[in-house]
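The values are calculated or read from the model by the stated rules, or taken from the named source; none is laboratory data. Since the model is a prediction, treat every value here as computed from it, not as a measurement. Note: ideal-geometry Cβ built from the backbone for every residue, glycine included; neighbour counts use all protein chains shown. Calculation scope for accessible area: heavy atoms of the full protein, side chains included, ligands and nucleic acids excluded. Shrake-Rupley method; radii C 1.70, N 1.55, O 1.52, S 1.80 Å.
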Amino acid sequence: MIATADAPIEYDPAMPSADDAPVVRFVQTLLTEACRRGASDLHFEPYEGFYRVRFRIDGLLHEVARPPLDIRDRIATRIKVLARLDIAEKRVPQDGRMRFVVPRRDGDAGPQGAATRAVDLRVSTLPTLFGEKIVLRMLDASNVRLDMDGLGFEPAQLAVLLERLRRPHGMVLVTGPTGSGKTVSLYAFLNLLNQDERNISTAEDPAEIQLAGINQVNIHDKVGLNFPAVLRALLRQDPDVIMVGEIRDAETADIAVKAAQTGHLVLSTLHTNDAPGTLTRLAQLGVAPFHLAASVLVITAQRLARMLCPCKRPGPVPLATLREAGFADALLDGNWQPCQPVGCAACRGSGYRGRCGIHQVMPVSDAMQGIILSRGSTRALAQQARREGVLSLREAGLLKVRAGTTSLAEVLATTNP
């Protein structure tokens, strides 16, 4: 049956057709429900005594189904067929892609009057002790806002970032852990820069959203089409802007940094905890300090926090708790109270609905360039950033608590002090 807002999704074997027809229908129902509920990932997990399906919604996993254990292989086969993977190979991980058509909802992007919309999914299989675990990442472009105002930057942060993005060459870096929204931020930057007079090319693994007017290249390591190879090719294509999906190794870092010094605007991501730590990470990858100082324009670090549902309500919190969280006394003027989650039918009782970005935006100033050239530590860079008024991730999150966008508990769980 098709689930209601809180009902589990049941596997129904009563189908007067071929043996696999119930599995086909069950997978179809799961994918449709995942799109309807706004899930970002689907997890198919086999264990010794049970098999479960979970959706990641607003950053948290929720169990939605426990189909019979004996159909786990047929579910895996069905998904692998859709993703054009090798159904006979169960010993090694596989990666693929698939496209799924779902009924169009009000507010979806796309042709007016269309009854359906296409959702791309990235498929990853992994052999475990009791069968293949499969994770599907939903790449639903209709749910992604690619305007800068929708990313959650504070006004002062956005002004700094826009000024750096207008520069003709240099490097703009977006950092954060997996699932922190880095790719969406990069796409929003590209969308802003996408004009007829610019040649924009990307190297991605994979390209998650297709942008008209931008030359997007998918990485394919098995045939030698890796990040360094694509970057070298892009530099021969007369580019103005280059986006590298992720800097993973020394060779990619070296080519990207040098491209930023030779008349190109380069956008990329790294996995670091905050903006100051990014420069140290690039130095660890072997990038010379003088190259870093000459190329990096601005670094943004980000996290995603759950937004409070409109059913929220303000409630008193002890001043000691607010001070311990990091609120300055100037903000504790008694004219506001942090909002608390309540729970309603729209948010399925969680009190949260959707997610917002929490950002640290650190422009590389002349003083920071001096610290880089002298091989200064991450701590020295962080101290200089604070002197220049750069908000930490925690401080940026507290501003969203004061604005009622999210809860104090969510910011404390998402950011370090």
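A few remarks follow.
- Counted over the chain, the DSSP beta bridges are approximately 65% antiparallel.
- Within the chain, longest stretch clear of exposed GluC sites (Glu not before Pro) (DSSP loop, no more than 16 other Cβ within 10 Å): 198-387
- Pairwise Cα distances in the range 175-224 exceed 14 Å for 56 percent of all pairs.
- A 1.4 Å probe run over the protein chains yields, for the range 294-417, 48 Å² of accessible area per residue, whole-number rounding.
- The simple Förster model, with R0 at 30 Å and r as the Cβ-Cβ distance, assigns Asp73 and Arg198 a FRET efficiency of 0.05.
- Computed on the Cα atoms alone, the convex hull of the range 224-364 gives a volume of 180 cubic angstrom per residue.
- Separation in nanometres of the label points that stand 7 Å from Cα toward Cβ, at His271 and Ser377: 2.5
- The range 372-417: trypsin sites (Lys or Arg not before Pro) in DSSP loop, at most 13 other beta carbons within 10 Å: Arg375
- Listed residues Thr175, Thr128, Thr29, most fluctuating in the chain (Gaussian network, C-alpha, under 10 Å): Thr128
- Kirkwood estimate for the chain, i.e. one over the average of 1/r between Cα atoms, Å: 23.5
- Non-local lysine pairs in the range 155-414, meaning eight or more places apart or on different chains, with alpha-carbon distances under 27 Å, amount to 5.
- Shape call, the range 355-417: gyration tensor on alpha carbons, a/c limit 1.5: prolate
- Solvent-accessible area per residue for the range 20-139 (1.4 angstrom probe, square angstrom): 49
- For the range 20-139, dividing the convex hull volume of the Cα atoms by the residue count gives 106 Å³ per residue.
- Taking only protein heavy atoms and a 1.4 Å probe, the accessible area of the chain is 51% carbon and sulfur.
- For the range 133-219: rounded, prolate or oblate by the Cα gyration tensor [a/c cutoff 1.5]: oblate
- Segment Glu324..Gln237, full-extension length gain: 26.0 nm, with 0.36 nm per residue of separation and the alpha-carbon distance subtracted.
- Distance from the Cα centroid of the range 341-417 to that of the range 225-239 is 34 Å (rounded to whole angstrom).
- Sequence-separation-based contact order of the range 20-139, relative, with Cα cut under 8 Å and 6+ spacing, percent: 26
- The calculated 222 nm mean residue ellipticity attributable to helices in the chain amounts to -9000 deg cm²/dmol, summing -39500 (n - 2.57) over DSSP H runs of n ≥ 4 and dividing by all residues.
- Of Val244, Val266, Val217, the one that fluctuates the most in a GNM where the chain has Cα springs shorter than 10 Å: Val217
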